[in-house]
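The structure under discussion appears below in the form of structure tokens.
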Amino acid sequence: MVANNRVLLTSTPTGIPEERHFEVVKSEVPALQDGEVLVQNEWLSLDPYMRGQIAGRHLSGKVSPGDVLRGETVATVLESKSELVKAGDKVSGFGGWQEYACLPAAELVKLRDDIKPTSYALSVLGMPGLTAYAGLVWQARIKEGDTVLIPAAIGAVGSTAAQIAKNKGCRIIGVSSFPSKIKYATEVLGYDACLNRLDANVEAELKKLAPDGVDVYFDLVGGEMLEMASRNLAIGARVILCGLMADYNNENKTPGPYPGLWIGARAVIHGLVVYDFQSRTDEFLDAMIPQITAGKMGMLEDTSEGIASAPAAFCKLMRGENEGKTLVKIK
């Protein structure tokens, strides 16, 4: 049997998670059953929605103390008892916070050869990228000249959304924190401006930058940021409700904006669940990969080494200290 290092949740945190809420344990990988494959995880994606799983508030299910943390991985198939994939195939799937996993072959996706580097299958060409593309292109139907507001500006979804909007001829305003993040947003990602959410005058600055209002608000945080954006919408605005970063570490849910703000703007509100668009993944990849090949799209990766580094990296993410897509390089 293969020795497998796994990360378990040891206790449910209140507020921002700390490393003490996790534990690395060694175990054996169970024997394969018919229809399953044994994979060696190479890259692990860490994402804010995992905090919702830990709290038991995410539609993908709950992670309880004693459970292995869930997460999407890029992996190599070591052994297969299925005709769907074979040993040596590169796949993506929910391999979790561990070095090896036995998974149903039907739940895996074989990586396309044109996804390079393979870590991009977890970022700009993976779930974060599909989220950004679905929200802006398929739901908001962005067009040249739109003013687009994106909080969490340099995170995995936000940074991809910014590049998609820029390539469509939109004017992009970001919201972030820390001077280094704001500098990266404007100098690398192409934001026309990036506001510091910690500044007391952030709404006044937004009004100066978008005096006619925001055409598209891609909400990744909820809370006061959603309230502020809703006060500054253009007539006919589109609002994409996607993430709730402001609430992930809180026990109580933030009340939503006054609906009159949306009515007055004649706004169209879309709830975005990326799983609804997975059947269109190849359409998304066909649109995005040429942009990457042409150097018009990329992803900053915030990478840590080894599965034992996952708890610290996740806690860093939940403190908002990450820059770009948070990944663990397992192998």
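Derivation of every value follows stated rules applied to the coordinates shown; laboratory data play no part. In this text, all values refer to a predicted model and were calculated from it rather than measured experimentally. Neighbour counts run over all protein chains shown; Cβ positions are idealised from the backbone, glycine included.
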query: Given 78, 290, 136, which one lies farthest toward the positive end of the charge dipole of the chain, if we put +1 on the Cβ of every Lys and Arg and -1 on the Cβ of every Asp and Glu?
result: 136
field: Relative packing of 214-221, 115-122, which averages over residues the other C-beta atoms within 10 Å, highest first
entry: 214-221, 115-122
Charged-residue dipole, Cβ positions (Lys, Arg, Asp, Glu), the chain about Cα centre, Debye nearest 20: 520
- line: Relative contact order in percent for segment 127-275 (Cα pairs under 8 Å, 6+ apart) equals 22
task: Using a Gaussian network model of the chain whose springs link C-alpha atoms within less than 10 Å, name the residue from 300, 125, 59 with the highest mean-square fluctuation.
output: 59
statement: Relative contact order in percent for segment 232-331 (Cα pairs under 8 Å, 6+ apart) equals 24
query: Which whole-angstrom value gives the distance between the alpha carbon centres of segment 131-184 and segment 307-331?
result: 22
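Rounded to whole Å and ordered largest first, report the semi-axes of the equivalent ellipsoid of segment 127-275 derived from its Cα gyration tensor (root of 5λ).
After diagonalising the Cα gyration tensor, the semi-axes are 19, 18, 17 Å.
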field: Under 12 Å from residue 81, Cα to Cα: aspartates and glutamates that are on another chain or at least 8 residues apart
entry: 34, 36
task: Take the alpha carbon atoms of the chain, find their radius of gyration, then divide it by 2.2 N^0.38 Å using N residues; give the quotient.
output: 1.01
statement: Given 91-97, 159-165, the highest-first ranking by average Cβ count within 10 Å works out to 159-165, 91-97
task: Normalise the Cα radius of gyration of segment 199-275 by 2.2 N^0.38 Å (N = residues in it) and let me know the number.
output: 1.10
- request: Over 26 Å between C-alpha atoms is what I'm after, so list which of 110/316; 166/207; 166/325 land there.
  value: 110/316
Residue-by-residue Karplus 3J(HN,Hα) for segment 7-17, coefficients 6.51, -1.76, 1.60, Hz, glycine and proline x: 10, 9, 7, 9, 7, 7, x, 10, x, 5, x
Residues with amide H under 5 Å from that of residue 36, placed H, sequence gap 5 or more: 81, 105
query: So how far, in whole Å, is the C-alpha centre of segment 64-96 from the one of segment 189-235?
result: 40
- request: Averaging sequence separations of C-alpha pairs under 8 Å and six or more residues apart, then dividing by the length of the chain, give the relative contact order as a whole percent.
  value: 19
- request: For a quick protection proxy, order the peptides 43-55, 279-291 by their average other-Cβ count within 10 Å, most packed first.
  value: 43-55, 279-291
